[in-house]
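Here the structure comes first, spelled out in structure tokens, and everything after it is commentary.
The values are calculated or read from the model by the stated rules, or taken from the named source; none is laboratory data. Predicted model, so just to flag it, every value in this text is computed and none were measured. FYI the Cβ positions are ideal-geometry reconstructions off the backbone, even for glycines, and counts take in every protein chain you see. For the accessible areas, the whole protein counts, side chains as well, though only heavy atoms, and no ligand, DNA or RNA atoms are used. Shrake-Rupley method; radii C 1.70, N 1.55, O 1.52, S 1.80 Å.
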Amino acid sequence: MSNVPAHSGPRLLISRASGQTTVPLQGASTLTLGRSIACAIVIDDPSVSRLHARLERVAGGWKLIDEESANGIWLEDQRVDSVVLMDGMTVRVGGVVVQVEMPSEQDKSPASAVAVPDPLDARFGEVASLMRRLGTPESESAFLIALVDAAVRLSGAERGFVITRTMAGMEFRAARNVAEEDRRGPEFEVSWSIALRAGMTGESVLLVDAASDQRFSASKSVEDLRLRSVACVPIRAPGGVLGVLYVDHRGGAGRFSSDDLVVLEVLAHQAGIALERERARRAAESKDPLLVAEVLPAPALVGHSDAMESLRSMIAKVAASEHPVLITGESGSGKELVARAVHAQSRRAAGPWIPVNVAAIPETLIESELFGHVRGAFTGADRARTGLLESATGGTLFLDEVEAMSPSLQARLLRALESGEIRPVGAPRPRKVDVRVVAATNRNLAQEVAEGRFRDDLWYRLRVLTIDVPPLRDRRDDIPSLVRYFLVKWGKPALEVEPEALERLVGAPWRGNVRELENEIRRITAVSDGNLRLCDLSDSLREARRGADATCNDLTGLVAAIEIREIRRALDEAEGNKSRAAALLGITRFALQRKMEKHGLSEAGELEP
């Protein structure tokens, strides 16, 4: 036994052939144990895994938890997943004997009762000091830079960054030790995917060793980046999740503890409150309604064309119900923005809003992401995971590119919609969920159904209510307002648009719709110092006029002829019933009526004089 006095704190006595080592249990609430020098408690023995186990504080003591080690934790002759340590207990870690000493409070001498400053309290004090200093930031960018610097300093991380939610999605805003070339490299994708998950679910992420985590270890990026320790927390505010704060360390596993995570969560939450307060102040002082739309998190539907007014009217009607919604429209037309508007105007507005791009998640992970899993459901599932459907309870789950779902996943989603229940992967029984599903697609789902790629029963279930988002070419009157909006959004509110340039912008084909227009304005704001001139436009836009009039007229006439032909066929097959004809065409009755009016078609499908 050790000659350590009995009145010292809780400790482990680790016995090996080379002798006995005494390890006091103090400091962080989570300690890693293993052969790696990155662990808090290093046991240099070949029977011990690099990351063998972790110690966590529990009421009255410590709990030893196996990290799926090769040789396990043994209590007497039985291998255990975890064990609460008690005074006098002996356990084996691999082949190493560990004795536990947990002196009771009355065994402590008065000399041992000297108060020692809690390092966690000291860090909370630093968080409070930082928030007071940054209470009135000069700019949001400066605030975020200071925030990520504080996160790296408080956690001892190697790198850190902040991403915030915008109307276009998640946007990289501030970084420490993350160079521009790092962000362009493929190895950065895993950091981004971890941050996106925290931003979508609103749940903190703590990875002791990213390379051994089932959710991310399959990615080559983990190996390229040599990611080991990761902590990522949502930046919350009363209005919802504004973004995420991410830190990592490539030097080894177990660099961050649960205490570090708590400190980061407090820091991020205080930052979220400060951010939302500052944004609200800027919006209240601004006389520009477009700036108000930019700084507040509510979705902004820009434009007052007939098409946009009809869209707003449809959104208001759909938002009032609880039925599933299917949003159709071309890529880049703003389907997610419409979905967010439906959520914001619904009775679920105070609940979670969780957007998921189905096509962006690997098929091997999508089922677990949507429905969750229980511990032990598959290799690497060392803890239970709440699925996105369950996380969205009380709110809205937005499924973009829903046509990318596999047939088996379509069947599971259909059952969830019909029963209001989900069954996580590996779970013995289903769980109730209360979630509204809004789906979007840029495909013709009627054709996908006809060709056997999409279940007809799921299609019928999703399209109880349908919104057809018009392409930008059908609402050209909104382009000047959109140009102005994007100039404000990308930091050039004072930049003037010369008439010739605006004329070209309004007349462009915009095959990529609003997304293409925003990217064009974003590029111009990055390189232009004066007014927006014709010569500032990209080559494709400047040259679009050459011979374009005849071509565009021919193309427009061709599209019109095809639409007239297919509408006539559908009306004929549906015996004049517009609802059935619209279903055959894969559009709403409202969209069909609008197209008939556009082409001057009578109720019988004939051209009106």
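When the surface is traced with a 1.4 Å probe over the full set of protein chains, Trp510 keeps roughly 0 Å² accessible. At an R0 of 51 angstrom, the distance between the Cβ atoms of Ser540 and Ala350 translates into a FRET efficiency of 0.70. Summing +1 for each Lys or Arg and -1 for each Asp or Glu among the other residues whose beta-carbon sits under 14 angstrom from that of Arg594 gives -1.
Going down the list Lys335/Lys595; Lys317/Lys492; Lys492/Lys598, which pairs span over 26 Å between their C-alpha atoms?
Violating the 26 Å limit, Cα to Cα: Lys317/Lys492; Lys492/Lys598.
Spin-label model, Arg580 to Asp457: label points 7 Å out along the Cα-to-beta-carbon direction sit 2.4 nm apart. Across the protein chains, with a 1.4 Å probe defining accessible surface, the residues Arg165, Arg50 rank Arg50, Arg165 from largest area downward. Taken along its principal axes, the alpha carbon cloud of the stretch 304-448 reaches lengths of 55, 32, 23 Å, longest axis first. Taking all protein chains as shown and a probe of 1.4 angstrom, Glu451 keeps an accessible surface of around 100 Å². Among residues other than Ser321 with Cβ under 14 Å from its Cβ, the summed charge is +4 (Lys and Arg +1, Asp and Glu -1). For Ile479, what charge total do you get from the other residues with a beta carbon under 12 Å from its beta carbon, if Lys and Arg give +1 and Asp and Glu give -1? Residues near Ile479 contribute -2 overall.
In debye, nearest 20: dipole of the stretch 400-527 around its Cα centre with unit charges on the Cβ of K, R (+) and D, E (-)? Don't jump to the answer; show the numbers that get you there.
Values: 23 positive and 21 negative charges, 141 e Å.
The dipole of the stretch 400-527 has a size of about 680 debye.
Counting 0.36 nm for each residue step from Gln593 to Ser331 and taking away their Cα separation leaves a gain of 92.1 nm. Rolling a 1.4 Å probe over the protein heavy atoms of the stretch 363-502, with every protein chain left in place, gives an accessible area that is 46 percent carbon and sulfur.
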